[in-house]
Amino acid sequence: MAGAVVIVWKNRQKLQKEKQQKKRFWWILSFELVYLVTIFLRFSFEYLQITYFMLAISLMTLTIWLNDYDLASWRTQSLIDELSGIKNRQAFRRDFGQFVGHDLCVAMIDVDNFKEFNDESGHATGDKVIETIGQKGQIQFGDEFYRYGGDEFIVVSQMKRQDFVAKLNLLAQDVKRADVGSRPITVTIGYYFGHPRTPSEVRKLFHLADANLYFGKSRGRDQIIGEKP
């Protein structure tokens, strides 16, 4: 009987010990799980911080790039005449310094009786005249052709003089053949050649070309006046 009691007591002690061990195991397991979750959340938070930081850097870089692109695009657009699609007076002023120290062929071009296109057929026809001259001029001279303002255009080129005069004649013929209204487009052109060594000499070259232009107008328009190549 006493032996049975001892056995029962030992079994109870064993069960209690096993319960305590299981309880300790679950406490340890719970602690480890909490620790692991804490570590995970910590690294997740740090990862999110890094992710947000990299995202912010990317957005800043993209914003700077877009601003630079918009600024460059705006600068390019500001140098192009909206109506004719060629370089404008602002572009001419920007390029002016590049004209010094080179053999230059310059020409001043003016549309004859331009106001009559607007008066007879409306401003849409006048716009078409400017657009046509811009297109024809760009075909002959590329980026060397500028719209200076109104119905005035400028050419500044370093091509050979014979080629320059030939292209001026082609331009005058091309615009005359264009169908934009009830009458053909005619232009008067004054040109001059030189090798300006200073900005003032460049300006003088344009004044001489402009003088030839007005001389051509005084002779009845539809003229090309300048030095012989």
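The values are calculated or read from the model by the stated rules, or taken from the named source; none is laboratory data. All of these numbers come straight from a predicted model, not from anything done at the bench. Note: ideal-geometry Cβ built from the backbone for every residue, glycine included; neighbour counts use all protein chains shown.
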Fill in the blank from the handout: (1) in contact with a His (Cβ under 9 Å, 6 or more places away or on another chain); (2) of a type in the set (G, A, S); (3) closer than 16 Å to V187 by Cα all hold for G137 apart from (1)
Problem - Test: residue in the stretch 85-93 that is of a type outside the set (F, W, Y), modelled with pLDDT under 90 and not in a helix (DSSP H, G or I) - result: yes
Practice task
Would you be able to say whether some residue in the stretch 101-119 is closer than 18 Å to K204 by Cα, in a helix (DSSP H, G or I) and in contact (Cβ under 8 Å) with a residue 12 or more places away in the chain?
Solution key: no
Practice task
Within the stretch 126-145, identify whether any single residue is more than 27 Å from the chain's Cα centre (by Cα), buried (at least 16 other Cβ atoms within 10 Å of the Cβ), in a helix (DSSP H, G or I) and not aliphatic (A, V, I, L, M), and answer yes or no.
Solution key: yes
Completion exercise
Given (1) free of Cβ contacts under 8 Å to residues at least 60 places away in the same chain; (2) buried (at least 17 other Cβ atoms within 10 Å of the Cβ), A166 misses just (2)
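Which of the residues belonging to the stretch 146-167 are assigned to a helix (DSSP H, G or I) and touching a helix residue (DSSP H, G or I) at 6+ places or on another chain (Cβ under 8 Å)?
The initial filter retains those residues of the stretch 146-167 that are assigned to a helix (DSSP H, G or I), namely 161-167.
Answer for the stretch 146-167, where residues must be assigned to a helix (DSSP H, G or I) and touching a helix residue (DSSP H, G or I) at 6+ places or on another chain (Cβ under 8 Å): just K167.
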Exercise for the section: Only residues that are more than 18 Å from A178 (Cβ to Cβ) and touching a strand residue (DSSP E or B) at 6+ places or on another chain (Cβ under 6 Å): list them for the stretch 112-151, please. Expected result: E144, Y146, Y148
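Would you mind finding the one in D174, D210, D163, D179 that is closer than 23 Å to H123 by Cα, at pLDDT 90 or above and assigned by TED's automatic domain parsing to the domain that holds F96? Full working, then the answer.
Numbers: D210 fails: closer than 23 Å to H123 by Cα; D163 fails: closer than 23 Å to H123 by Cα; D179 fails: at pLDDT 90 or above.
Only one candidate qualifies: D174.
Could you look through the stretch 207-227, keep only residues that are touching a Lys or Arg at 6+ places or on another chain (Cβ under 9 Å) and part of a loop (DSSP other than H, G, I, E, B), and pick out the one that is nearest to K176 (Cα to Cα)? Quick ask: steps written out before the conclusion?
Looking only at the stretch 207-227, we keep the residues that are touching a Lys or Arg at 6+ places or on another chain (Cβ under 9 Å), and these are 222-223, 225, 227.
The next check asks that each one be part of a loop (DSSP other than H, G, I, E, B); those that pass are 222-223, 227.
Details: D222: 10, Q223: 12, E227: 23 Å.
The extreme case among them is D222.
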